[in-house]
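Structure record follows, encoded as structure tokens.
The values are calculated or read from the model by the stated rules, or taken from the named source; none is laboratory data. These figures come from a predicted structure and were not determined experimentally. Please note: Cβ atoms are built from the backbone with ideal geometry, for glycine as well, and neighbour counts cover all protein chains shown. Heavy atoms of the whole protein, side chains included, go into the accessibility calculation; ligands, DNA and RNA do not. Shrake-Rupley method; radii C 1.70, N 1.55, O 1.52, S 1.80 Å.
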Number of protein chains: 2
Amino acid sequence: MLEVDFFLDLAIILLSTKILGLLTKQIKIPQVVGALIAGLILGPAVLNIVHETDFIDKMAELGVIALMFTAGLETDIKEMKKCGKASLVIAIIGVALPLAGGFLVTSIFSGTALGEMTQQQILQNIFIGVVLTATSVSITVETLREMGKLKSPSGTAILGAAVIDDILGIIILTIISSFADPSVSVTSILIRIVLFFVFAGVCGITFYFVFSHLSNRHGKKRRIPVYGLAFCLILSFVAEKFFGIADITGAYLAGIIISSVTQSNYISEKFEVLSFMLLSPIFFASIGIKTHFSALTGPIILFTLALLIVSVVTKVVGCGLGARACGYTKKESLRIGIGMVSRGEVALIVADKGAAIGIMNGVLFGPLVIVVIITTLITPILLKISYKHKGDGDSDDQDYFEPESCLSEL
Amino acid sequence: MLEVDFFLDLAIILLSTKILGLLTKQIKIPQVVGALIAGLILGPAVLNIVHETDFIDKMAELGVIALMFTAGLETDIKEMKKCGKASLVIAIIGVALPLAGGFLVTSIFSGTALGEMTQQQILQNIFIGVVLTATSVSITVETLREMGKLKSPSGTAILGAAVIDDILGIIILTIISSFADPSVSVTSILIRIVLFFVFAGVCGITFYFVFSHLSNRHGKKRRIPVYGLAFCLILSFVAEKFFGIADITGAYLAGIIISSVTQSNYISEKFEVLSFMLLSPIFFASIGIKTHFSALTGPIILFTLALLIVSVVTKVVGCGLGARACGYTKKESLRIGIGMVSRGEVALIVADKGAAIGIMNGVLFGPLVIVVIITTLITPILLKISYKHKGDGDSDDQDYFEPESCLSEL
């Protein structure tokens, strides 16, 4: 008898993530939140009807790779260069504060003095900070578009900063995940990272020319996205296997390399179908399926609350300060800060990675999922409130005033 | 450390099936043959670098489901009704002779007298016949299109017959695979099959209305193909799990049910991306990866040759006789017979299924793969030769003469 139970698991995952995704979309919350909640319901937290299997894990991993590759594809390096100082400053402070905040709050709750922590503990606590750095700007973009504020100065700044934010997050993750094996020295890790980027660079330049040639010659042929997927898989494999660097770094780099090829839109289109038809629902559901709320004891609930507050406050303050330093008005700075609050796919991918390579205690996974869901839920609400009151020097009213060309994601 | 070796396996499969597929396409042989050869090279027959894993098996099974669902989607029931007697007669005789031929040749080579065979042996020998029934018309269509003969009387007859051929094959497979468990009585099997078709019918009518409503209301929304995939998975699961009927029957029926929905083209388009980007290459490669040529001893090679001759002769004679009986000229009948020779996806899917449910000895898998490859290679060559000589009453020269409206697949 053939094993066909996984057909039913997949069907349940596809239907529940889609239906809940559409429900959350109805109330102006991104489908990702619905898909996550679907996973939580299917998993041990509620119904316990779909279980983690090797197959689901591998499909989810493929889903992550595809998501990160698409993120890379959409990162427009040329546009980003034009973005200038403001977005860079906003992103850097907006990454630094949550990183520090996540580290501090986890350290405080661990109850161990900083001097007495093992390297493993320090790494884990930094890692929680890393998860908190990743902004997911999609919900903000949707909200701003709906309010007609997407091309306002604050909208432009948010978009630019979110792109840089992703890249900074990946760099920090790369460094941190390399430290997962405590037997390796810092020097060898740094050498490994440098070697990987050199390798990826050489590989990237070679592949860029091969790919440009192919995609110019063949146009919209099916082979182009297939080669793209193969390239993405190879770079992910090599990163993880030979350089001890997270596979998602490889996938993201592969996306960036291919992003400037003529047919990148065509490739991106095919990857999207692969994602929404099969891989993404499995990934988002798998996050929920892995989340045990039985671990939510009193101290963990308190920790979750603290983490939530820290993640919101550090983003608003960090990005707000950055914006203020670059000459935005108080009101604009607040809006920019709020727009950067929502976490999403990338935070989940990073948290998932941390659990998989054992850098993070599994008990911290639930709190992180909750933080991601809640920040995503409150961002559009806060954003709408922040745009309601108009004050002096509110250049955001001039809908199409663009201080810098930063609309890389549009 | 995360297990990422399957990334490399996938990348190798994607690249090799695509590159070999493109090479075979260059010499006017369908990409399927190239993909199969790629699998043979990767597997134990040659390099032995990619191995069968649970993950690859499951992905291949998903690939099969997607292929059969698409085949169902493309089966246009309304057009088929118009096709009339000729295609039906051609298909029936063209299925009966290979079925009998496959059974006989396997029985002869097994060396056991018919009266002494166990039920298991009889089933296996019939099963080989079932594999030989499935025509893959895609290569013939390509060849005819290239020669400008697609809309000729013989072209029209081939297309119509190939559609009916698929349906007959699925029905026989359904019956045969139900017998895989020898402890079950014939009556209970027949009841089970009837019950499944009743179930699929009720399910189909309900789902058809739900789906028509959804697809009329929402148009080209992503949810439509996602629901389609979920429906296909559920029907496949239910067929195999509760009715003991091949999952591919469920997938094919799901495709037929959805084929008359407004958005069926949109659904088919998304399924195609899923197939060519990921699932089909894995399926075709997995066939090669499973094929051990070490089993090719003297008797098996003789058997392979006999099977090949039988599979070619029975199709040409069977379909040719059918055509002749329906009033086609000798030349046209020969062309129709030759056009039906090539076997393809469906034959492989059926063979794979037989090996999986244990109805067929694994040693017979290699010969079947070889037969599929060779029939596919020779069909376009024979077809071109048969169209070269023009004789009396050769209405095929009238390119756009259509005796019946049978162009269901165009």
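At-a-glance table
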{"quantity": "Distances in nm from A:L47 to the matching label points in the other copies, shortest first (labels 7 Å along Cα to Cβ)", "calculated": "4.3"}
{"quantity": "Relative contact order (%) - the stretch A:262-371, alpha-carbon pairs under 8 angstrom, separation at least six", "calculated": "31"}
{"quantity": "Charge context of B:V210, other residues only, Cβ under 15 angstrom, K/R +1, D/E -1", "calculated": "+4"}
{"quantity": "For the protein assembly as shown: accessible area per residue (Å², 1.4 Å)", "calculated": "38"}
{"quantity": "The stretch A:60-409, relative contact order in percent, only Cα pairs under 8 angstrom and at least six apart counted", "calculated": "36"}
{"quantity": "Computed accessible area, B:K241, all protein chains, 1.4 angstrom probe, square angstrom", "calculated": "90"}
{"quantity": "Loop-resident sites, the stretch A:150-228, for trypsin sites (Lys or Arg not before Pro), counting at most 15 other Cβ within 10 Å (DSSP)", "calculated": "A:K220, A:K221"}
{"quantity": "Ranked packing of A:128-136, B:307-315, most packed first, by mean Cβ within 10 Å", "calculated": "A:128-136, B:307-315"}
{"quantity": "Among A:335-342, A:353-360, A:117-124, the order from most to least packed when residues are scored by Cβ within 10 Å on average", "calculated": "A:335-342, A:353-360, A:117-124"}
{"quantity": "Rounded accessible area of B:D166 (nearest 10 Å², 1.4 Å probe)", "calculated": "40"}
{"quantity": "Label 7 Å beyond Cα on the Cβ vector: B:K28 copy-to-copy distances, nm", "calculated": "6.2"}
{"quantity": "Residue mean of other protein chain beta carbons inside 10 Å, B:225-235", "calculated": "6"}
{"quantity": "Two-site label geometry, B:E272 and B:Q26: point separation in nm, points 7 Å out along Cα→Cβ", "calculated": "2.5"}
{"quantity": "Of A:K220/B:K151; A:K220/B:K149; A:K270/B:K220; A:K220/B:K18, pairs whose Cα-Cα distance is over 18 Å", "calculated": "A:K220/B:K151; A:K220/B:K149"}
{"quantity": "Exercise: per-residue mean of other protein chain Cβ atoms within 10 Å, B:277-284", "calculated": "3"}
{"quantity": "Closest-to-axis residue of chain B (Cβ criterion, axis taking B to A), whole Å", "calculated": "B:V273, 2"}
{"quantity": "Overall form of the stretch B:60-409 per C-alpha gyration tensor (a/c, 1.5; a/b vs b/c)", "calculated": "oblate"}
{"quantity": "Whole-percent carbon and sulfur share, accessible surface of the protein assembly as shown, 1.4 Å", "calculated": "66"}
{"quantity": "Neighbourhood net charge (10 Å Cβ-Cβ; Lys/Arg +1, Asp/Glu -1) for B:V346", "calculated": "-2"}
{"quantity": "7 Å along Cα→Cβ, label-point gaps from A:N265 to other copies, nm, shortest first", "calculated": "2.2"}
{"quantity": "Gyration tensor (alpha-carbon) shape descriptor, the protein assembly as shown, a/c threshold 1.5", "calculated": "prolate"}
{"quantity": "Helical segments meeting 24 Å axial Cα length and Kyte-Doolittle 1.0 threshold in chain A (DSSP H)", "calculated": "A:5-26, A:77-110, A:153-178, A:186-218, A:223-243, A:298-325, A:365-388"}
{"quantity": "Chains A and B together, accessible area buried on both sides, 1.4 angstrom probe, square angstrom", "calculated": "5100"}
{"quantity": "Value at 222 nm in deg cm²/dmol, rounded to 500, when DSSP H runs of n ≥ 4 in chain A each add -39,500 (n - 2.57)", "calculated": "-25000 deg cm²/dmol"}
